[in-house]
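Data block below; observations after.
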Amino acid sequence: MRITGMKVEKVAIPLIAPFKVAFATVEALESVLIRIETDEGCVGFGEASPFAPVTGETVDGVIAVLDIFRQGLIGMDPMDIEAVHAMMDSVIVGNGAAKCAVDLAMYDLMGKAFGQPVYKLLGGFGSSVQSDITIGISTPEEMAAEAKKRVFEDGYRILKIKAGIDCQEDIRAMKLIREAVGPEIRLRVDANQGYDTAKARRALRGFREYGIEAVEQCLPHWDLEGAAFLRDHSEGIHMMLDESIHGPVDAARACRLGSADIFNIKLMKCGGLYPAQKINAIAEANGVTCMVGCMLETKLAITAGLSLVAAKKNVTEADCDSFLYYKENPVEGGFIQEKDLFTLLDKPGFGVTF
């Protein structure tokens with residue numbers, strides 16, 4: 001099977017409501033969907049969802065990079081995933097979202113060629129995943145009200161709470177949320193690089209009282225030494241790294257320094273499922289577990305992320321909820337959802353339709 005062509009389409013979908021994190025407020029999904037064609041009539045679909053503060057990319061930049069990749073992909077075998085990534089890496093450094101689009105299309109093609117869902121190609125540990133749901137930054141009272149709705153109306157048992165602007169307000173938000181949802185609901189916090197070391201320590205002391213199980217990316221992405229210090233003074237809370245972990249080299253350095261208990265793998269940061277598996281292997285060998293998170297993505301990339309969680313025993317957590325925030329979804333299939341439980345379809349490739 002040989003690649004004969006690639007088509008690219010830009011997608012823009014408004015969110016139901018603006019979503020606020022420590023360093024940005026987002027109002028719409030901007031994504032790039034690709035369709036890769038082969039000489040055997042099989043087609044594979046991929047997605048790039050860049051987010052400039054994290055991946056350093058824009059939608060128009062992704063399209064330009066994909067146009068360069070197109071030239072190298074023609075004539076390649078989608079099964080040769082190492083060769084495909086070597087070609088992309090030789091062309092341009094970084095650009096994880098653009099590389100992810102090609103990577104996902106390769107896995108979609110492989111699954112269809114073998115007649116197997118991607119989660120089985122990746123390891124097949126399971127087919128169902130429990131995901132958290134994210135609470136964006138607002139007033140502590142509004143955040144508590146949303147948390148209560150997500151738990152008692154929507155059936156979520158794990159909440160991921162955005163923080164990082166004002167540590168005292170963050171602590172108050174955790175207090176009100178814990179009071180609203182009760183003691184059994186699992187809570188984790190994402191500071192999105194919003195704290196310095198002193199503020200992070202103050203926040204961790206406050207969070208401990210309300211049973212926060214994990215705190216993600218307190219410090220700037222480059223400060224792995226600071227992250228190691230915080231982990232040594234974490235008040236018994238698991239420390240997670242997200243923006244610090246773009247690829248296997250970052251994961252190896254974080255493990256050497258003892259900077260995290262958990263890595264948040266995002267396919268758009270690292271370049272797709274192939275490098276994501278390398279990050280997980282490094283983590284597992286060093287006693288670090290993983291979570292798979294997401295950018296603002298359609299159900300295509302969300303299905304890919306869920307496939308990695310389901311396939312790997314060491315990937316114990318999922319934060320794959322962004323498709324729930326759109327006014328409409330251009331992609332269907334991939335998985336079925338029952339409250340916070342996502343079960344992947346037993347269809348070849350990702351099993352999605354447009």
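The values are calculated or read from the model by the stated rules, or taken from the named source; none is laboratory data. Just so we're clear, the structure is a prediction, and the values are computed from it rather than from any experiment. Every residue, glycine among them, receives a Cβ derived from its backbone with ideal geometry; neighbour counts consider all protein chains shown. Just the protein is used for accessible areas: all its heavy atoms, side chains included, with ligands, DNA and RNA removed. Shrake-Rupley method; radii C 1.70, N 1.55, O 1.52, S 1.80 Å.
Remarks
- Those GluC sites (Glu not before Pro) in region 182-271 that DSSP places in a loop and that have at most 15 other beta carbons within 10 Å: Glu184, Glu209, Glu235
- Percent of Cα-Cα distances greater than 21 Å, calculated over region 21-117: 34
- Region 188-269: chymotrypsin sites (Phe, Trp or Tyr not before Pro) in DSSP coil with no more than 12 other Cβ atoms inside 10 Å: Trp222
- Annotation note: trypsin sites (Lys or Arg not before Pro) in region 270-314 located in DSSP loop regions with a Cβ neighbour count of at most 15 within 10 Å are Lys313.
- Debye equation applied to the C-alpha atoms of region 157-205, log10 I(q)/I(0) at 0.27 Å⁻¹: -1.04
- Kirkwood Rh (inverse of mean 1/r, distinct Cα pairs), the chain, angstrom: 20.3
- In the chain, the DSSP beta bridges split such that about 55 percent are antiparallel, to the nearest 5.
- Per atom type, the chain shows carbon and sulfur on 51% of its accessible surface, probed at 1.4 Å.
- Whether region 175-321 is rounded, prolate or oblate, judged on the alpha carbon gyration tensor where a/c under 1.5 counts as rounded: oblate
- The relative contact order of the chain comes to 20 percent, based on Cα pairs under 8 Å that sit 6 or more residues apart.
- Using a probe of 1.4 angstrom and keeping all protein chains present, the accessible surface of the chain works out to 39 square angstrom per residue.
- Ligands, DNA and RNA excluded, the heavy atoms of His85 present near 20 Å² of accessible surface to a 1.4 Å solvent probe.
- Modelled FRET efficiency - R0 30 Å, Ile16 with Asp346, Cβ distances, 0.05 increments: 0.45
- Among the lysines of region 1-129, pairs that are 8 or more positions apart or on different chains and have alpha carbons within less than 25 Å of each other number 8.
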